[in-house]
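Throughout, read-outs are computed from the coordinates displayed, never taken from laboratory work. Computed from a prediction, not measured in an experiment: that's the story for all the values here. Note: ideal-geometry Cβ built from the backbone for every residue, glycine included; neighbour counts use all protein chains shown.
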Amino acid sequence: MLGEGIIQGLLETARNFFGSYVDKDRLTTVQFPEERRTLPEASRVFPFLLYDGNDPEAGLRCVSCQICEKECPPHCIHIEKSKDKKPDFVGKQQFYPAVFDIDVSVCMSCQICVEVCPFDAIRMDKEFELSTSDRFGGLLWNKRELSKSNEYYQKIHPEEAAETDERRTKELAEAQAKAAAAAAAAAAKAAQAAAAPAADASTNGAAPKAPAETVSKGTQ
């Protein structure tokens with residue numbers, strides 16, 4: 001029937017409007033900012049950088065691979081790679097971003113930067129109250145403003161953070177096992193190399209013994 005969809009939409013609106021007087025679940029509005037609803041875990045606003053521990057510089061996960069900068073559709077990410085390196089969470093020496101800026105006035109919250117990051121270094125925040133009177137400087141966030149701890153990530157995205165932490169813990173355990181095996185093999189090789197000259201010296205230094213029969217004949 002012509003207009004059936006419009007009628008169904010109006011009926012749904014009327015049902016929610018009148019139902020909100022008797023059913024709290026149909027009350028779709030809140031008195032913001034006095035009342036706030038818990039945002040779903042999948043909600044996203046702008047990206048932020050993750051770091052482990054208490055030091056944003058030492059614990060920053062980003063290795064300045066610049067994949068997010070290249071894949072960003074509006075090109076709102078700017079990264080400058082460091083000249084030196086620092087150890088990552090498994091002890092491997094990695095570069096880090098000397099400069100990491102995001103122009104959130106251009107960011108479209110597409111989350112592509114999160115999806116392409118192979119180091120779990122960038123995630124999407126839920127904070128949306130970000131209005132500012134500074135149109136340019138206030139919306140150009142640097143590395144210090146973007147850096148947030150893994151504890152904060154666990155708070156806003158608990159399920160996603162738990163999955164990420166479990167994977168990184170497994171990677172750390174594998175790296176430690178590999179390093180221990182390599183150290184044991186190197187120690188065994190060194191011990192074998194040290195034992196070889198001692199064995200050769202003892203073999204070459206021993207005087208040959210005369211046969212017992214020859215000695216007895218000489219005595220007679």
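Quick look at the numbers
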item	result
As computed over the chain, the Cα convex hull volume per residue (Å³)	310 Å³
Sorted peptide list for 189-197, 37-45, criterion being average Cβ within 10 angstrom, highest first	37-45, 189-197
Ranked by how many other beta carbons lie within 10 Å on average, peptides 137-143, 27-33 from highest	137-143, 27-33
Shape call, segment 43-168: gyration tensor on alpha carbons, a/c limit 1.5	oblate
Helix runs (DSSP H) in the chain reaching 20 Å along axis by Cα, Kyte-Doolittle at least 0.0	4-19
Percentage relative contact order, segment 43-168, counting C-alpha pairs under 8 Å, at least six apart	34 percent
Rounded to 5, the percent of DSSP beta bridges in the chain classed as antiparallel	80 percent
Selection from SER64, SER109, THR28 lying farthest towards where the dipole of segment 1-151 points positive, charges on Cβ	SER64
Dipole in debye (nearest 20) - the chain, about Cα centre, beta carbon charges: Lys, Arg +1; Asp, Glu -1	1040 debye
Members of LYS81/LYS143; LYS92/LYS170; LYS83/LYS143; LYS70/LYS155; LYS126/LYS148 lying beyond 19 Å, as alpha-carbon distances in this model show	LYS70/LYS155
